[in-house]
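What follows is a single structure, written as structure tokens, with notes after it.
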């Protein structure tokens with residue numbers, strides 16, 4: 001009987017034990033899944049934070065690069081504007097009054113009107129230099145005891161070079177006031193008919209003049225006035241220096 005009862009109890013306990021084991025395994029599996037879900041969620045949050053941080057860093061980097069590019073463009077634009085404002089191309093024309101200084105001659109000379117046409121290039125702000133090319137047609141009046149008050153035309157090609165100061169450098173594009181001085185190498189290519197029997201062969205064809213002057217710039221216009229003195233004698237073997245006053249009106253670009 002005891003053996004039999006024992007067998008009956010054993011049969012009753014086995015299903016119960018089996019249920020307990022199944023229940024325990026389910027709980028463990030549930031806890032494992034919960035832990036895995038928690039790890040996955042933490043990983044997703046961490047990756048999201050990294051992505052967000054990377055996006056912010058990338059945005060900041062792009063903003064810095066754009067700022068550098070913008071500053072570079074502005075700087076180059078300012079440099080170009082600055083370069084454009086320091087140089088001028090000029091064309092001009094004007095009148096002159098010339099005479100030949102003859103200290104040791106029977107001839108006397110007086111001022112007569114001529115003209116000047118030319119172009120030049122000027123560069124600089126406060127201090128500047130200018131080089132040009134012009135045609136200077138001088139008309140000088142000569143007279144002696146035999147011939148009275150006759151004019152003689154002298155034409156020469158000049159390449160004047162000057163240095164100067166712009167006294168209104170800050171407003172030079174609107175209003176400028178300049179003083180300058182320089183040299184004017186020239187070549188006499190024409191002597192007009194005259195009653196003094198002077199021809200091209202009687203002149204020193206290579207000439208050099210010293211000049212000083214003042215100029216006023218108003219927007220794209222300018223006016224210059226100056227004095228030029230011939231350093232080299234006009235006539236061969238005779239003291240004869242060209243003295244010339246001039247006024248020029250022109251455009252600058």
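Okay, here's what the table says:
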| quantity | calculated |
| --- | --- |
| Selected residue [under 25 Å from residue 90 (Cβ atoms) and more than 33 Å from the chain's Cα centre (by Cα)] from 245, 234 | 245 |
| Residue 133 being farther than 19 Å from residue 213 by Cβ and at pLDDT 75 or above | no |
| Qualifying residue in region 172-183 (condition: touching a helix residue (DSSP H, G or I) at 6+ places or on another chain (Cβ under 9 Å) and under 17 Å from residue 244 (Cα atoms)) | no |
| Residues being assigned to a strand (DSSP E or B) and either closer than 28 Å to residue 102 by Cα or in contact with a helix residue (DSSP H, G or I) (Cβ under 9 Å, 6 or more places away or on another chain) (or both) - total across region 134-165 | 21 |
| Candidate set: region 171-194, residues that are more than 23 Å from the chain's Cα centre (by Cα), assigned to a loop (DSSP other than H, G, I, E, B) and surrounded by 12 or more Cβ atoms within 10 Å (Cβ to Cβ); chosen: the one modelled with the highest pLDDT | 192 |
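The values are calculated or read from the model by the stated rules, or taken from the named source; none is laboratory data. Here the structure is a predicted model, which means the values were calculated and not measured. Please note: Cβ atoms are built from the backbone with ideal geometry, for glycine as well, and neighbour counts cover all protein chains shown.
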